[in-house]
Amino acid sequence: MSAAELTPPEAARWAARSGLPLPPERHSAVAATADHILSVVSVLRELDFGDTPPSAAYRACAGEERHDGAV
């Protein structure tokens with residue numbers, strides 16, 4: 001186990017601190033899920049978005065704009 005992995009007791013402690021007490025049988029599953037999410041996020045943090053404009057500058061349709069409020 002690496003130092004970065006969340007242990008089941010730590011997962012239970014963090015959940016309790018957040019106001020979400022976990023039953024003991026969920027500690028391992030929550031720790032494994034949190035570890036998976038953290039591994040995905042760590043990959044995303046390595047991406048270089050230096051030339052990517054903010055989302056407010058993105059236009060989904062390059063052609064005619066629609067202002068009818070339909071989603």
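Every number in this text was worked out from the coordinates using simple rules, so none of it is lab data. Fair warning: this is a prediction, and the values are worked out from it, not measured in the lab. For neighbour counting, all protein chains shown are included, and Cβ atoms are generated from backbone atoms with ideal geometry for every residue, glycine included.
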Summed side-chain charge close to Leu20 - residues other than Leu20 whose Cβ falls under 13 Å, Lys, Arg +1, Asp, Glu -1: +3
Protection-proxy order for peptides 38-51, 20-33, each taking the mean of Cβ atoms within 10 Å per residue, highest first: 20-33, 38-51
